[in-house]
Amino acid sequence: MKDLIRLFVPLVLWLASFSAIYGLQAIMCRQGWDQILLIGGFGLAIALQSAVLLGLASRKYGASTKFVRQSSLALGLVGMLAVLWTFAPVVFLSACVAA
Amino acid sequence: MNALRRHRALTRIWASDPGWRGWFTTVNHSDLGRMFLLLAVVYFFIGGILAMLIRAQLASPRSPFMGADVYNQIFTMHGTIMMFLFAIPLFEGLAVYFLPKLLGARDLAFPRLTAFGFWCYAFGGSMLLFALVAGIAPDSGWFMYPPLSSTLGSPGINPDFWLIGITFVEVSAICAAVEITVSILRYRAAGMSLSRMPIFAWYALITSLMILTGFPPLILGSLLLELERAFGMPFFQVELGGDSLLWQHLFWLFGHPEVYIIFLPAAGVISTILPVMARTTLLGYGWVVVAAIALGVLSFGIWVHHMFATGIPHLSLAFFSAASTLVAVPTGIQVFAWLGTIWKGRPHMHLPMLWIVGFFATFVIGGLTGVMVAVVPFDWQVHDTAFITAHLHYVLVGGFVFPMLAALYYWMPHMTGRRRFFKLGETAFWLVFVGFHGTFLLMHWVGLLGQRRRIDTYDAGSGWEVINLISSVFSFIMAIGFVLVLIDVVVNAAVKSRGPRNPWRAGSLEWAMPIPPPAYNFASLPLVTSRDALAASSDLAVRLAKGEGYLGAPRQNQRETLTVDIATGTPNSIVVYPRNTALPMLMAFVTGGMFLGMLIKAYWLVPLAGVGIIAFALRWVWTLGHRSDLGPQDAGHGLMLPYATEVEDPPGWWGSVFLLLANATFFGCLLFGYAFLWTVAPNWPPPAWAIASWPMLGAVVTGAILGPIGIRRAIGAVRREGSPALALGITMIGCACLILSGLSVLMSMPDPTRHAYDATVWVLGGYVLFHTGLAILMTGFLVARAKTGFMAPGRLGEARIVQLWIDYAACISLVAVSATFAPGLLS
Amino acid sequence: MSFSILTLLLLSGCTQNLSIVHPAGPAAATIATLWWVLLVGAAAIFVLVMVLLLLAFRVRNANDSSDQEHERRWIVGLGLAFPVTVLTALLAYGLVIGEHLMPRAVPELVTVGAEARQWAWRFTYADMPSFETDGVLHIPAGKPIDVQITSVDVIHSFWVPRLAGKLDAIPGHVNVLRIEADLPGEYDGVSAEFSGAGYRMHDFTVVAHDAESWSAFIAGETP
């Protein structure tokens, strides 16, 4: 079960950050808060994702078998890629203009 | 004992009841898998006939064939049947039939649950079929957007058939998903560690976890919409604080993962068959597992790409556009891993391979048009046009139906024990393949020329006539191809031409048994030391038949199999399966009564059926376990293992964990919906917020503390060989406090039709009452079990299962109460 | 592939009232260009994959390279690096276009309202508060227009394919779509969200006026 969690945690974390940032943006636009909040959220997501990646690489929290270790690290990198890829638009797009 | 006598003894133990009774009392996974597959294929042909009617209607402009009202029912039912009654059940059937064989087990984790799931599917599906035949089928599209699908747009009973029938069928999907998850994690061959699992098992595991987290939003949406339709609780009515967009979020939160729930099993099939056809092993097993997991989770972050035209801020669209393009990366990894596999092997163009090549040619186009519509501005133009119809058929037919046909021809010798005699299959392939592309390739273009989806006809001079006629003609060619496949299968199953045991020289375990497979699968259970166990030792089948594996000696007429440790595959207990019983069918029937009561608004039937379900459920669980410690048993090769009833985490505990995962997703979606309405819906705040009273808060906190503490003390008492009675009494009091607090919140909001807030609080309250009621029932069950000697220091599995549910009830009560009062306190 | 594209183009010669690939305004033109780029890119990738697939079946000496080499070439190279590169470029292109098509503040903006119901369209004009038209939307040609879209019953969608993409009309919400017609003329519009029995006929017309006739229109004369 722990191995299974190691495999799923990086992207589930991405999904959580993704939903949080999406929700934050909706509230932000309604309340008229500044876009800097979103960029902060982006930074936080990167930090969390890095923490997971370090954890998976560490001896203490990482997997002991080669297969799970390699796969979970690969998924950790995928999680990081996903964060960078999906949240990058907060830096250069306007937040609240609707189509 | 020689192989033949062992076969006879095991067959006597494992056989289903003879004659027609066997259909209703079987709990065997091979029987139920076949039943799932058969019924799914029946629905495929029904859905196909509807598709032919659609194409007949659109073949010429201003067709007098049918009117808009009939047409709307037909396209709605075509989509609904293909998605819910064909694709998902076909995956379930495939997994139910093959997983134990691939994993080296004798059955799935919960055989009676398999049967219950099947009967829910059969009864739920027949509700929709009845509506279709009676001409009162759902007609607001398979996506059921309110207000069109609510009382405003559809006052008749039509949408109720959808909301209630599909929810009933989803009960079946959830059951199957729990079952498949636990089976893959625990019911494997000895030595089958995670890295030695057959690749299909990885895909099936991911798919099942996705069903557990992807279906709850739709079940929730259906429940809310039915509550709005039946009782006027305004979740989607904007004047009263609802929002029709809430439905779209819930629906697509399900609907997009659904696409991958359909694609992933097909990808698993390809990853299994393709290496065998190329006479090699899968290239990059680890990469493929990583890609499949990534695909599974990423697909939950792209639901809004079905809502690009709903006026959501561009930045939000950008998130979803980015995620939607990102999802193409793991898909690309899989496609190229498969191509590389063919390159590294020596491919043979057998019929399954032909279908896989057809898959490549089709699915790649579907994937590329998928990337196109992930680009927001392009989607603004083609959304809801025939371009999307074409795209989704390339994905679903190319990415699901073609691989399933490859699977059919690959595993048909296994299911029938025969070799293919007549070669109609190749002709059928070409008819389907050419027919498909003829139907759908040009449909992209007619979409770009402005033909919308779901229009019942069009005018001459629109410029769409030629393409529509071509589509219709080729669609009939495709239909003939499918009928030919059916004839091919029937003919080849009927002709007695005995085939070799492992015709494709595959390396996976399902071929290490006699074909057609006996009811018990393996005469003795294998020890696995590599990923392709059969390739590693080609006489494995014979050695297993001789009883050289585990559990080779039939014992006390028990149906037995092994469970293993999740990560390493080390055997850790012996499971004794239940025997043939009609209980699952009867329970599904009574469950059907509950859904029927809601459908025809005979609400008196609902509590009556509820009592029936409780009675059957108690009977169901009472038959498990035993009253004395049996101790470790001989599993063969000197391995002594306890029965699963004497371990701390029996299969039922794992089943509960995953059922609670689905349940928590449901609750999470409810909270999401609530937050969505609160922040986005126009007509908020409500006329009045709920006011918290001190006694109510006191009751909920007391209950949430007493319940979990009580059950823990009860377990501790049994461990010390004391009486759990007092502690269980405390648990009961805790649950009663929770019920009282829930009731008092509902009493303070007498009118759930006043505003979406009031309605939401009622649903939260109802959810709490349901779970606390369940917790009381379970605690009562434990009291009875303790009195009759089923609980002992070594037999605490049941109590630990109940502990899970009580903890859950306590948590959701606290969260629900906080959620109820939070907006009032914050504003 | 090129043959089928040719066939497609021949087939398309007939009518183009609702055609995405016959744009008559800047938004629709941008998206039409996007489509052709997408088509060429997708066709190239499709051909690449099919060639790789066919070549796999050629007769050759088995096992000329190790699994690691295969993995590096197929999975890391073609499966990972290739899509990431292509998709990054595509995503950036799409987002830039999307941002460009947003209804931002510009001078000389004309605002109109579109209210959908089963199954009719009613249009209002910010410049003429008490004036409404049914089934026909009047706009000036060559000027950016913001259409404020809403619905009074079920969900509909405002779509004039030759001018811009579609945007939903949702009860309780007002969505704003930027459209513009290059030249005066009539453009067909339809609802593009399924709305029940009358869905097919739920259409309207956009009349784009030249400067003179638009001045006359807002002056209250019959158009």
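The values are calculated or read from the model by the stated rules, or taken from the named source; none is laboratory data. None of the values given here were measured: they were computed from a predicted structure. Using ideal geometry, Cβ is built from the backbone for each residue, glycine included, and neighbour counts are taken over all protein chains shown. Heads up: the accessible areas ignore ligands, DNA and RNA and are worked out on the full protein's heavy atoms, side chains in. Shrake-Rupley method; radii C 1.70, N 1.55, O 1.52, S 1.80 Å.
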Mind grabbing the interface size between C and B? I mean buried accessible area, both sides, 1.4 Å probe, in Å² to the nearest hundred. 7200
Can you give the accessible area per residue of the protein assembly as shown, in Å², using a 1.4 Å probe? 35
Those residues of segment B:195-229 for which accessible area with every protein chain present is at least 10 Å² below the isolated value (1.4 Å probe): B:Ser195, B:Trp202, B:Leu205, B:Ile206, B:Leu209
Rounded, prolate or oblate, given the Cα gyration tensor of chain B, with a/c below 1.5 counting as rounded? oblate
Alpha carbon convex hull of segment B:124-238, volume per residue in cubic angstrom: 117
Any chance you could check the Cα centroid distance between segment B:288-345 and segment C:128-197 for me, in angstrom? 33
Using only alpha carbon pairs under 8 Å that are at least six residues apart, calculate the relative contact order of segment C:99-174 and give it in whole percent. 28
When averaged across all projection directions, what area in nm² does the alpha-carbon convex hull of segment C:110-218 cover? 5.9
What is the mean number of Cβ atoms from other protein chains located within 10 Å of the Cβ atom of each residue in peptide C:20-31, rounded to a whole number? 3
Interface size B-A, as summed buried accessible area [1.4 Å probe, Å², nearest 100]: 3300
Which longest uninterrupted range of chain A lacks any chymotrypsin sites (Phe, Trp or Tyr not before Pro) assigned by DSSP to a loop state (not H, G, I, E or B) and surrounded by at most 15 other Cβ atoms within 10 Å? A:62-99
One would report the antiparallel percent of DSSP beta bridges in segment C:110-218, rounded to the nearest 5, as 65
Among B:Cys669, B:Cys811, what's the order by accessible area (1.4 angstrom probe), most exposed first? B:Cys811, B:Cys669
Of the accessible area of segment B:703-792, computed with a 1.4 Å probe and all protein chains kept, carbon and sulfur make up a percent value of 73
Could you pull the Rg and Dmax for segment B:545-682, using just the Cα atoms, both in Å? 21.6, 72
Cα gyration tensor category, rounded, prolate or oblate, for segment B:51-157 with a/c compared to 1.5: prolate
With a 1.4 Å probe and all protein chains kept in place, how do B:Glu646, B:Glu179, C:Glu69 rank by accessible area, largest first? C:Glu69, B:Glu646, B:Glu179
Just from its helices, what would the mean residue ellipticity at 222 nm be for the protein assembly as shown, if runs of 4 or more DSSP H residues each count -39500 (n - 2.57) and the sum is divided by every residue, rounded to the nearest 500 deg cm²/dmol? -20500 deg cm²/dmol
How large is the convex hull of the C-alpha atoms of chain A per residue, in Å³? 95
Once Lys and Arg are counted +1 and Asp and Glu -1 for all other residues with Cβ under 15 Å from that of B:Pro752, the total becomes -2
Looking only at lysines whose Cα falls under 22 Å of B:Lys496's and that sit 8 or more positions away or on another chain, we get B:Lys423
Of the heavy-atom accessible surface of chain C (probe 1.4 angstrom), what whole percent is carbon and sulfur? 61
Rounded to the nearest 5, what % of DSSP beta bridges with both residues in the protein assembly as shown are antiparallel? 70
Do you know which residues of segment B:438-480 lose at least 50 square angstrom of accessible area in the protein assembly compared with their chain on its own, with a 1.4 angstrom probe? B:Trp445, B:Leu448, B:Leu449, B:Arg452
Roughly how many percent of the accessible protein surface of chain A is carbon and sulfur, given a 1.4 Å probe and a whole-percent answer? 71
When every protein chain stays in place and a 1.4 Å probe is rolled, B:Trp604, B:Trp430, B:Trp119, B:Trp678 sorted by accessible area with the largest first are B:Trp604, B:Trp430, B:Trp678, B:Trp119
Classify segment B:187-246 as rounded, prolate or oblate from the Cα gyration tensor: take a ≥ b ≥ c as the square roots of its eigenvalues, call it rounded if a/c is under 1.5, otherwise prolate when a/b beats b/c and oblate if not. prolate
If packing is taken as the average count of other Cβ atoms within 10 Å, what order do A:46-55, B:387-396 fall into, highest mean first? B:387-396, A:46-55
Whole-Hz Karplus ³J(HN,Hα) for segment C:166-176, in order, using 6.51 cos²θ - 1.76 cosθ + 1.60 and θ = phi - 60°, x for Gly and Pro? 9, 9, 6, 9, 10, x, x, 10, 10, 9, 10
If we restrict to alpha carbons, what Rg and Dmax does segment B:655-826 come to, in Å? 17.8, 60
Excluding residues on the same chain fewer than 8 positions from C:Lys166, give the lysines whose Cα lies under 19 Å from its Cα. C:Lys143
For the protein assembly as shown, what is Rg from Cα atoms divided by 2.2 N^0.38 Å, rounded to two decimals? 0.94
How much accessible surface area, in Å² rounded to 10, belongs to the heavy atoms of B:Trp303 with a 1.4 Å probe? 10
